[in-house]
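The values are calculated or read from the model by the stated rules, or taken from the named source; none is laboratory data. These numbers were taken from a predicted model, which means no experiment stands behind them. All Cβ positions, even for glycine, are placed from backbone atoms using ideal geometry, and neighbour counts span all protein chains on display.
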Amino acid sequence: MTKRIVIVGPATPYRGGIATGNDLLAKELLNIGHNISIVNFTVQYPNFLFPGKTQFLENAPLIPKYNKRALNSINPISWRKIGKQLRSQKPDIVIMRYWMPFFAPSLGTVAKHVKRNNHTKVIVIADNIIPHESRFGDKQLTNYLVKHTDGFIAMSKSVLKEFDLFKIKHKLFSPHPMFQNYGNKISKKEACKKLNLSASPRYILFFGLIRDYKGLDLLLKAINHNYFRENNIKLILAGEYYSKKDFYQQLISSLNLQDIVISFDYFIPDNMVENFFSAADIIASPYKSATQSGVSQIAYHFELPMLVTNVGGLPELVPNNKVGYVVEPNAKAIQQKLITFFEENKKQEFQENLSIEKQRFTWDKMVKAILDLESSIRSIS
């Protein structure tokens, strides 16, 4: 049965995993015959609140006609206008992505107006329900959104448990799907050539926006061991700093790691992602706190072994000693498993397992979760 579905949230030309995820979800829904539109932001973050250099893709692809920029995150007039428009259009489902309380007023107000048509079901896909960097008033803002929506989908079991704090009745768990839009794996030689790197070292990759909770300091301390130099193993840092860059540069200098750390300290455009994931032997995500990880879902696509820490939903994504390692969030544990990985030549074994394990993370499973949740809500209401 064809449904009219509206996705409210960032999409192209905005950059980042959430915008990319909305693009991919829309394409999957279109491919199976649903009527899709996206209500995108005109303003996502006001510039003074945004820690990066730009919110937009440098070379954004052609924006499809169903992707309309109309919602201003800081303009209540916009929230009511969009809400009333959707109320009159009566879509079957409105899907919202939620990752921080800043967006609760705009999304909650849109949802409040939409639901007055007594037909549309508003379903929220939650990246986080409790933010990594919490602030006063977060719970109240999230409660405002919850009050005006019908159901939530968690992309990690840790977030699913946190739903209980907000008395969310209609809920499902569906893991974060893979990002399949970054090209395909190429040879290490070709990837290194494109990055102007030597192909002879083995590489650990740290990828994505650099924020304190992601534990880069733990990784830098972990590679402060003669084993990595003696075995020609280097660390690639690929991502823009959203935390104090000077802190990490000073740490690299104080540990004398300049010769084995290679920095690409800018936002990595989509057409370069395949180079980093093809050049690397393993990706390290030494987070101090987490829900799920979009970086891991890129790694699954490229079948790149992973090291993650035992926080939040990360252990759900990475079966230990099958596609990578789950370790405690401290430098010693990270160091030991990285050495084990290289010493025991585990890359090929993990890659073979990744090719099987990644079938858990396809977009059709997320679509099924959305439609199942809508059906469940309607059967009760």
Residue list for the stretch 312-324, filter: over 15 Å from MET155 (Cβ atoms) and free of Cβ contacts under 8 Å to residues at least 40 places away in the same chain: PRO319, ASN320, ASN321, LYS322, VAL323
Residue in the stretch 45-53 that is over 26 Å from ASP138 (Cβ atoms), modelled with pLDDT under 95 and part of a loop (DSSP other than H, G, I, E, B) present: yes
Return the residues of the stretch 353-364 that are surrounded by 13 or more Cβ atoms within 10 Å (Cβ to Cβ) and not in a loop (DSSP other than H, G, I, E, B); say none if nothing qualifies. ASN353, LEU354, GLU357, LYS358, ARG360, PHE361, TRP363
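Give the residues of the stretch 107-140 that are farther than 24 Å from HIS176 by Cα, in contact with a helix residue (DSSP H, G or I) (Cβ under 6 Å, 6 or more places away or on another chain) and without any contact (Cβ under 8 Å) to a residue 60 or more places away in the chain, sorted by residue number.
At the first step, the residues of the stretch 107-140 found to be farther than 24 Å from HIS176 by Cα are 109-110, 112-120, 135-137, 140.
Among the residues that remain, those that are also in contact with a helix residue (DSSP H, G or I) (Cβ under 6 Å, 6 or more places away or on another chain) are: 109-110, 113-114, 116-117, 120.
Scanning the stretch 107-140 gives THR109, HIS113, VAL114, ARG116, ASN117, THR120.
Quick one: which residue in GLU352, GLU344, GLU328 is without any contact (Cβ under 8 Å) to a residue 40 or more places away in the chain, within 20 Å of ASP217 (Cα to Cα) and acidic (Asp, Glu)? Break it down stepwise before answering.
Numbers: GLU352 fails: within 20 Å of ASP217 (Cα to Cα); GLU344 fails: within 20 Å of ASP217 (Cα to Cα).
Testing whether each residue is without any contact (Cβ under 8 Å) to a residue 40 or more places away in the chain, within 20 Å of ASP217 (Cα to Cα) and acidic (Asp, Glu) leaves just GLU328.
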Quick one: in the stretch 65-101, of everything that is surrounded by fewer than 17 Cβ atoms within 10 Å (Cβ to Cβ) and in contact (Cβ under 8 Å) with a residue 40 or more places away in the chain, which residue is farthest from LYS147 (Cα to Cα)? TYR66
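Within the bounds of the stretch 13-24, is there any residue that is closer than 25 Å to VAL295 by Cα, part of a loop (DSSP other than H, G, I, E, B) and modelled with pLDDT of 95 or more? Lay out the reasoning, then the answer.
Of the residues in the stretch 13-24, the ones closer than 25 Å to VAL295 by Cα are 13-24.
Then keep just the ones that are part of a loop (DSSP other than H, G, I, E, B); that gives 13, 15-16.
Retained after the next criterion (residues that are modelled with pLDDT of 95 or more): 13.
Yes, the stretch 13-24 contains at least one residue that is closer than 25 Å to VAL295 by Cα, part of a loop (DSSP other than H, G, I, E, B) and modelled with pLDDT of 95 or more.
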Among the residues of the stretch 137-144, are any crowded, with 23+ Cβ neighbours inside 10 Å and either out of contact with any Asp or Glu (no Cβ under 8 Å at 6 or more places or on another chain) or closer than 21 Å to PRO175 by Cα (or both)? yes
